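The values are calculated or read from the model by the stated rules, or taken from the named source; none is laboratory data. Quick caveat: nothing in here was measured; it's all calculated off a predicted structure. Here the Cβ is made from the backbone with ideal geometry for all residues, glycine too, and neighbour counts use every protein chain on show.
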2 protein chains.
Amino acid sequence: MQQMTLHTALDKIKGVSAVKLAEIQAQINCQCKPKGSLGRLEEFARRYVAITGQDTVEKKVIFTFAGDHGVVEEGISAFPKEVTPQMVYTFIDGGAGINALARQVGAEVIAVDMGVDHEFKPLSGLMIKKVAPGTANFTRGPAMTRPQAIQCLETGIELAVFCKEAGVTLVGTGDMGIGNTTPSAAIVAAITGLPAGKVTHRGTGINDEMLEHKIAVIEKGLALNQPDANDPVDVLAKVGGFEIGGIAGLVIGCAAVGIPVVVDGFISSAGALIASELHIHVRDYIFAAHKSVEIGHSHALERIKQKPMLDLEMRLGEGTGAALAMGLIEASLSAYRGIKTFDQAGVTKGGHQ
Amino acid sequence: MQQMTLHTALDKIKGVSAVKLAEIQAQINCQCKPKGSLGRLEEFARRYVAITGQDTVEKKVIFTFAGDHGVVEEGISAFPKEVTPQMVYTFIDGGAGINALARQVGAEVIAVDMGVDHEFKPLSGLMIKKVAPGTANFTRGPAMTRPQAIQCLETGIELAVFCKEAGVTLVGTGDMGIGNTTPSAAIVAAITGLPAGKVTHRGTGINDEMLEHKIAVIEKGLALNQPDANDPVDVLAKVGGFEIGGIAGLVIGCAAVGIPVVVDGFISSAGALIASELHIHVRDYIFAAHKSVEIGHSHALERIKQKPMLDLEMRLGEGTGAALAMGLIEASLSAYRGIKTFDQAGVTKGGHQ
């Protein structure tokens, strides 16, 4: 796979052409239906077509980035750390939520070991890109070094370049990492300036007492490490995670090579937030899959300026929301391609068109 | 096709078994994911499986009921009445929004002429069930007679029986009828008791002045006809529409024969509201596809006690929202079938399961 530095990738990112978007919308406006009546489906089609220059999805891939978190030793998750590699094996076996939902929309799932505390042998469906076997506990120091943060980002960028070469025209993000709502909340707090209590939620299902403790752990990590909100790489390094960095890099890479990227839920959006703070036009390429139950998610999406496509009260991660959202994007393209114009259909136009 | 009277259909409706629902949820709770983390997808799968006893969708059909409305002569729509048959021909040709979106999910589209002011020749993809060539103008008297209202309902029921015999396991509703947001708003106002101004919106895109006029037209129709809120058939007859009656009948029929029915947007929900007022357990079989832009829609859904699955700011009708929602139901079943249990996957359970 070809290397592309973070610097080069950021240099390549351009905003999606407003002229192209308007041209595509003008075509949609000729279709035999009340103007704008397909609502957000029109937006999905417009953006996908403007970015890719195509009106079909050739290949879809969802990358489920996995990593472990030193902060788990603070007791912030309902699940033990050993579940991270167990779930990676389940992704490879095809028995997890993401496999079932990706199957439904015909997307390939690739698990990426960004930093699981487990030695994987080479396996089909798994990319081993391990930065280290888990981050450090951010209540005692930075989660990772700055070079490690950049390594995560450049790994994600590399995957986007690989997708571009392989003819993938729609990419999805996903995550697996026991404890990873904690660094995600820390990132959102650091970048938005909101207090930890406003962006921290129950993850896989902790009780009130553990939630209070989790908030205190995040507050401690932020106070100790003082991540610089104006330096997203610093935020990633100080309180982030390897899989979150991989997601951030993938999002940057997709913007750089021109692939629409469907960002899953809370953890993915923390990654997308890092990415979109690094370049103003990254957001043009992001499709926010869904609104997670995690309370920090909407704050991240507001900052990215993308509205979630679905709200199904999900909180599984893995890329499950991204898989569903891919189905909606393909539906929007089916409408874009398939609806005849008023003229073609011989339908009389309305008086308020 | 077999006949079933309204009375017989209503007699057959039973609530979906709470025991079955709990058993299915217990199975879902064994899957290797945090409990409840697929949110509403779990609800969709649970209800579909409980109703059908199956975990796959065999055949999907969307019925797009078409009818004309006498009240159009009051100038309440942005489109002229001739568009109703023109769009029916477009459905048959496969060039409308519903065709494009149904294609994406593999659903068949059947247009049903319930009362279009146009003589159709027999055509594949069209069922001619015309009650009359358009309703009467409800500002001058009832939209239809009570026997006509019952004829609409029994036509819808007949289609559900036909689906059951044909092995269809998921049905969708759709509508086409220039002016039909006006009777829909009138139905919602009549049944909920809300003022017309609270449930009336812009339909295909009328301006402020026409909206004010449309509200006045509905108020006039309600005042003149005095539909009895406790007699849903009377409401349908006084201020309804033939296609709305067909939808109501289809929903009743699906509940009677045990097929989950995906109810599209505002017009379909007005039909579903008539249906669910006729029997308390009709709602158990309803999947509310999406939240329409029409302001009366959420009031109808609140009364039916079903939460919309999608909110994509759509307002096209035809069954377009139902097609998208069918995709989500199938995704929920893919998750139901495809996710391994903790034991099967060898994944450690969390402490708060």
* Any pair with Cβ under 6 angstrom, 6 or more apart, that starts in the stretch B:301-324 at a residue that is at the interface with chain A (Cβ under 7 Å from one of its Cβ atoms) and surrounded by 24 or more Cβ atoms within 10 Å (Cβ to Cβ) and ends at one that is assigned to a loop (DSSP other than H, G, I, E, B) and hydroxyl-bearing (S, T, Y) -> B:R315/A:S37; B:R315/B:S292; B:L316/A:S37
* To do: Report, by residue number, each residue of the stretch B:79-116 that is more than 10 Å from chain A (Cβ to nearest Cβ), over 25 Å from B:T182 (Cα atoms) and among the acidic types (D, E).
  => B:E108
* Looking only at helices (runs of 4 or more DSSP H) that fall completely inside the stretch B:1-82, which ones have 2 or more residues that are surrounded by fewer than 15 Cβ atoms within 10 Å (Cβ to Cβ)? -> B:6-12, B:18-29
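Only one of A:F65, A:F44 is within 11 Å of chain B (Cβ to nearest Cβ) and aromatic (F, W, Y); which?
That would be A:F44, the only listed residue that is within 11 Å of chain B (Cβ to nearest Cβ) and aromatic (F, W, Y).
In the stretch A:195-221, which residue that is away from chain B (no Cβ under 14 Å) and surrounded by fewer than 19 Cβ atoms within 10 Å (Cβ to Cβ) is nearest to the chain's Cα centre (by Cα)? If you could, list the steps in order and put the result at the bottom.
In the first step, residues of the stretch A:195-221 are kept if they are away from chain B (no Cβ under 14 Å); the result is A:195-200, A:212, A:215-221.
Filter once more, so that each one left must be surrounded by fewer than 19 Cβ atoms within 10 Å (Cβ to Cβ): A:195, A:197-198, A:212, A:216, A:219-220.
Values: A:P195: 23, A:G197: 23, A:K198: 21, A:E212: 27, A:A216: 26, A:E219: 24, A:K220: 26 Å.
So the residue we want is A:K198.
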* Please specify each residue of the stretch B:83-135 satisfying the condition of being closer than 20 Å to A:G338 by Cα and not in a helix (DSSP H, G or I). => B:G94, B:G95, B:A96, B:G106, B:A107, B:E108, B:V109, B:I110, B:A111, B:S124, B:G125, B:L126
* Asked: Looking only at the stretch A:132-162, which residues are more than 25 Å from A:G94 (Cβ to Cβ) and buried (at least 24 other Cβ atoms within 10 Å of the Cβ)?
  -> A:G134, A:T135, A:F138, A:A143, A:M144, A:A149, A:C152, A:L153, A:I157
* Out of all the residues in the stretch A:12-23, is one or more small (G, A, S), more than 22 Å from the chain's Cα centre (by Cα) and under 30 Å from A:I150 (Cα atoms)? -> yes
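When you go through A:V282, A:V263, A:V235 one by one, which is the residue that is closer than 14 Å to A:F65 by Cβ, more than 14 Å from chain B (Cβ to nearest Cβ) and of a type in the set (V, I, T)?
Details: A:V282 fails: closer than 14 Å to A:F65 by Cβ; A:V235 fails: closer than 14 Å to A:F65 by Cβ.
Result of the check over A:V282, A:V263, A:V235: A:V263.
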* within 18 Å of A:F63 (Cα to Cα), buried (at least 18 other Cβ atoms within 10 Å of the Cβ) and touching a Pro at 6+ places or on another chain (Cβ under 8 Å), is that true of A:G115? -> yes
* Asked: Here is a list of conditions, (1) crowded, with 22+ Cβ neighbours inside 10 Å; (2) not assigned by TED's automatic domain parsing to the domain that holds B:E209; (3) not acidic (D, E), and B:V88 meets all of them except one; can you say which number that is?
  -> (2)
* Among the listed residues A:S292, A:S268, which satisfies the condition of being polar (S, T, N, Q), assigned to a helix (DSSP H, G or I) and either within 14 Å of chain B (Cβ to nearest Cβ) or out of contact with any Pro (no Cβ under 8 Å at 6 or more places or on another chain) (or both)? -> A:S268
